[in-house]
Amino acid sequence: MPASHATEIRNDWTREEVLALFKQPFNDLLFQAQVAHRQHFNANEVQLSTLLSIKTGACPEDCKYCPQSARYDTGLEKEQLMALEKVIEEAKAARESGATRFCMGAAWRSPKDKDLPAVAEMVRQVKALGMETCMTLGMLKEEQAHMLAEAGLDYYNHNLDTSPEYYGEIITTRTYQDRLNTLDNVRRAGMKVCAGGIVGMGEGEKDRAGLLMQLANLPQHPESVPINMLVKVAGTPLDQQEDLDPFEFIRTIAVARILMPKSHVRLSAGREEMNDQMQALAFMAGANSIFYCEKLLTTPNPKANRDMELLNRLGIKPETRHVERDSEEEEQALHQALAEAKSDHLFYNAAN
Ligand code: SAM
Ligand code: DTB
Ligand code: SF4
């Protein structure tokens, strides 16, 4: 396909077309992805989202990759729903470190109606800090989606995880259609959709193509597309899974960028295990969002300084969004913190 055709917004991709994208020579694929990326984004900006687990462990589902499933012994301490004050404290810290979106995740199959008022209040208060809000709480009913939207939730994350064909190897306690129904409920409630998947779970290229085709053929592309590299956690059934060829991971990012050119594609879980060169290739392939926090939900993620150093070396700036500060003192404290961090040469200088 000529590069000039790369950025058409389509929702009718065939498996053959998507596989043909994957099978191109690596340089041709990356070139096409760059063309698509540059038509809609500043290719030297990356969106920063901070993730927080607001309810950890003891999940009844059997997702074979997940350390939070009650069915596997991963040594995880299960926790109750986090107190509102603690969530807000974490959100303020995320805002001060430069994140523009705060994503809250719960190890639930789906939220219980009695949990909704508490999580809705978290949304309201995080939003009042001037941050974008995102939640991932499992399957949502239509009324629940409306309640979250009314509280001001900007994004709802719900992943398709893999292709419909491979899905049964990974999860048996909910269907692919259940996931599509939740995405539909999120859309109907007027929220932005964050939906992606995981690679490196033993699936084939046709499954990675199948996952991206499902996402791109939704009635409207998800605004945010997280591509996770499996984090192998001891005790989960996928613990001993063979590593995916790193170039296949980069190809997956590039094809996501081409199929969904206006979406943010997030280089999501798995960065702790990636070197700088691999992350740079992912940005080159069109990734333009990361989780910026030292812990994902339960597993480690690169330290803020390592991320800022890498972005700085690549000349990539954090995507900005106007954030209201509570007070002048808070604004000054942020400038002071940034000035101090800058002077240790590790921090990215947003003023440049
Ligand atoms: N329980 C809710 C659900 O499953 O929708 C929300 C939280 S769940 C942990 C969110 C997503 O994290 C999963 O859909 C999966 O894509 C991703 N995830 C979980 N464990 C992972 C792992 N070990 N490696 C990579 N991604 C993972
Ligand atoms: C997503 O696609 N990845 C995030 C977020 N959405 C919720 C979760 C990654 C979890 C990695 C394993 C863990 O830390 O428990
Ligand atoms: Fe539960 Fe979500 Fe983990 Fe599946 S991915 S076991 S639903 S927390």
* Starting from the Cα-Cα distance between H40 and L19, subtract it from 0.36 nm times their residue separation and give me the gain in nm to one decimal. => 5.2 nm
* Please work out the FRET efficiency for the pair E319 and Q220, using the Cβ-Cβ distance as r and a Förster radius of 25 Å; give the result to the nearest 0.05. => 0.70
* the range 82-157: trypsin sites (Lys or Arg not before Pro) in DSSP loop, at most 11 other beta carbons within 10 Å -> K112
* Structure fact -> For the chain, cysteines with no other Cys Cβ under 4.7 Å from their own Cβ are listed as C59, C194, C293
* Structure fact -> For the range 138-245 the GluC sites (Glu not before Pro) that pass both the DSSP coil test and the at-most-16 other-Cβ-within-10 Å test are E223, E242
* Structure fact -> Here the tail fraction of P(r) beyond 17 Å, over all Cα-Cα pairs of the range 250-289, rounds in percent to 19 percent
* Asked: Within the chain, what percent of beta bridges assigned by DSSP are antiparallel, to the nearest 5?
  -> 5 percent
* Asked: Once every DSSP H run of n ≥ 4 in the chain is given -39500 (n - 2.57) and the sum is divided by its residues, what mean residue ellipticity at 222 nm do you get, rounded to the nearest 500 deg cm²/dmol?
  -> -12500 deg cm²/dmol
* To do: Work out how much length R188 to T173 would gain on full extension: take 0.36 nm times their residue separation and subtract the Cα-Cα distance, in nm to one decimal.
  => 2.9 nm
* Could you compute the FRET efficiency for E79 and D28, with r as their C-beta to C-beta distance and R0 at 51 Å, rounded to 0.05? => 0.60
* Does the chain classify as rounded, prolate or oblate by the C-alpha gyration tensor (a ≥ b ≥ c root eigenvalues; a/c under 1.5 gives rounded; else a/b over b/c gives prolate, otherwise oblate)? -> rounded
* **In order through the range 260-273: 3J(HN,Hα) via Karplus (6.51 cos²θ - 1.76 cosθ + 1.60), integer Hz, x for Gly, Pro** => 10, x, 9, 8, 6, 9, 9, 6, 9, 4, x, 5, 4, 8
* Please turn the phi angles of the range 117-127 into ³J(HN,Hα) values with the Karplus equation 6.51 cos²θ - 1.76 cosθ + 1.60 (θ = phi - 60°), one per residue in order, whole Hz, x for glycine and proline. => x, 5, 6, 5, 5, 4, 4, 4, 6, 5, 4
* To do: Could you tally the net charge around P302, taking each other residue with its Cβ under 15 Å from the Cβ of P302, Lys/Arg +1 and Asp/Glu -1?
  => 0
* Restrict the search to the range 1-70; then list the trypsin sites (Lys or Arg not before Pro) that DSSP places in a loop and that have at most 15 other Cβ atoms within 10 Å of their Cβ. => R10, K23
* Asked: Considering only protein heavy atoms and a 1.4 Å probe, what is the carbon-and-sulfur percentage of the accessible area of the range 32-342?
  -> 49 percent
* To do: Once you have a ≥ b ≥ c as the square roots of the Cα gyration tensor eigenvalues for the range 131-263, tell me rounded if a/c is under 1.5, and otherwise prolate or oblate according to whether a/b is larger than b/c.
  => prolate
* **Accessible area expressed per residue, the range 32-342, with surrounding protein chains retained (probe 1.4 Å, Å²)** => 40 Å²
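The values are calculated or read from the model by the stated rules, or taken from the named source; none is laboratory data. Because the structure is a prediction, the values reported are computed rather than measured. All Cβ positions, even for glycine, are placed from backbone atoms using ideal geometry, and neighbour counts span all protein chains on display. All accessible areas refer to the heavy atoms of the entire protein, side chains included, with ligands and DNA or RNA removed. Shrake-Rupley method; radii C 1.70, N 1.55, O 1.52, S 1.80 Å.
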